[in-house]
Amino acid sequence: MPRSESSSPSFMDLAFEEACRAAEKGEVPVGAVVVASDGTVLAQAGNRTETDADPSAHAEILALRFAAKKRNSPRLPDCDLYVTLEPCAMCAAAISIARLRKVVFAAYDPKGGAIEHGPRFFSQPTCHHVPEVVGGVDEERARALLKTFFVDKR
């Protein structure tokens with residue numbers, strides 16, 4: 001049975017589970033989930049930049065790769081992305097190229113974010129597709145997870 005945003009756990013809860021798994025491996029705790037319009041979870045991922053020695057192994061990129069492979073298509077126009085941190089410029093570009101319907105993120109990222117901060121990627125004239133964006137969903141939870149991770153790292 002497909003999940004809806006109101007069922008338990010929520011799609012953002014699944015993203016947080018991925019973020020926590022990433023943190024346990026020493027990765028910056030960011031998790032992402034790609035969900036089809038019927039509520040089917042197509043892909044879940046957490047950051048793996050250190051594990052994979054890959055600067056592009058952000059949770060969003062990995063989740064998009066898995067979902068696109070599952071669909072056998074680089075475009076996911078009926079899909080939504082739930083992510084625990086505002087996507088960076090690289091991830092925003094991938095989101096646009098994948099033609100996602102909606103992006104829901106938890107914590108705003110004034111330093112590295114590229115949707116509501118920095119380059120504001122989706123506002124640029126070179127951006128070919130602009131998804132619906134919902135920011136600040138469960139923001140305090142995401143901020144606390146990130147803060148704890150970085151305090152423990154130091």
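Every number here is computed from the coordinates shown, using simple stated rules; none is lab data. These figures come from a predicted structure and were not determined experimentally. FYI the Cβ positions are ideal-geometry reconstructions off the backbone, even for glycines, and counts take in every protein chain you see.
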Legend entry - Peptide ranges 127-135, 34-42 listed from the most packed, as the mean C-beta count within 10 angstrom indicates: 34-42, 127-135
Legend entry - Lys pairs, the chain - Cα-Cα below 29 angstrom, 8 or more residues apart or on other chains: 12
Inset, instruction - When you have a sec, figure out the Kirkwood radius of segment 44-153 from all distinct Cα pair distances and drop it here in Å to one decimal? - result: 14.3
Legend entry - GNM top mover of Phe11, Phe121, Phe66 - the chain, alpha-carbon springs below 10 Å: Phe66
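Using r as the Cβ-Cβ distance of Thr126 and Asp78, and R0 as 25 Å, what FRET efficiency do you calculate, to the nearest 0.05? Let's see the in-between values first.
On the way: r = 24 Å, r/R0 = 0.97.
Computed FRET efficiency for Thr126 and Asp78 comes out at 0.55.
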Inset, instruction - Compute the length gained on full extension between Met90 and Ala144: take 0.36 nm times their separation in residues and subtract their Cα-Cα distance, giving the result in nm to one decimal. - result: 17.0 nm
Legend entry - Among Lys25, Lys111, Lys69: highest mean-square fluctuation, GNM of the chain, C-alpha pairs under 10 Å: Lys111
Inset, instruction - Please report how far the C-alpha centroid of segment 77-154 lies from that of segment 16-33, rounded to the nearest whole angstrom. - result: 15
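Assuming a ≥ b ≥ c are the square roots of the Cα gyration tensor eigenvalues, decide whether segment 48-109 counts as rounded (a/c under 1.5), prolate (otherwise, with a/b larger than b/c) or oblate.
oblate
Only bridges with both residues in segment 61-154 count here: give the DSSP antiparallel percent, nearest 5. Present the calculation step by step, with values, prior to reporting the outcome.
On the way: 0 of 8 bridges.
Antiparallel bridges make up about 0 percent of those DSSP assigns within segment 61-154.
Which shape class applies to segment 1-104: rounded if a/c is under 1.5, otherwise prolate when a/b exceeds b/c and oblate if not, where a ≥ b ≥ c are the square roots of the Cα gyration tensor eigenvalues? Please list the in-between numbers first.
On the way: a/c = 1.83, a/b = 1.20, b/c = 1.53.
Note, shape of segment 1-104 comes out oblate.
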Legend entry - Spacing of the two label points (7 Å from each Cα toward its C-beta) at Val134 and Thr40, in nm: 2.2
Legend entry - Percent antiparallel among DSSP beta bridges (both partners in segment 1-145, rounded to 5): 55
Legend entry - Label point distance in nm, Ser56-His117, each placed 7 Å from Cα along Cα→Cβ: 2.5
Inset, instruction - Determine the shape class of segment 71-135: with a ≥ b ≥ c the square roots of the Cα gyration tensor eigenvalues, call it rounded for a/c under 1.5, and otherwise prolate if a/b is greater than b/c, oblate otherwise. - result: oblate
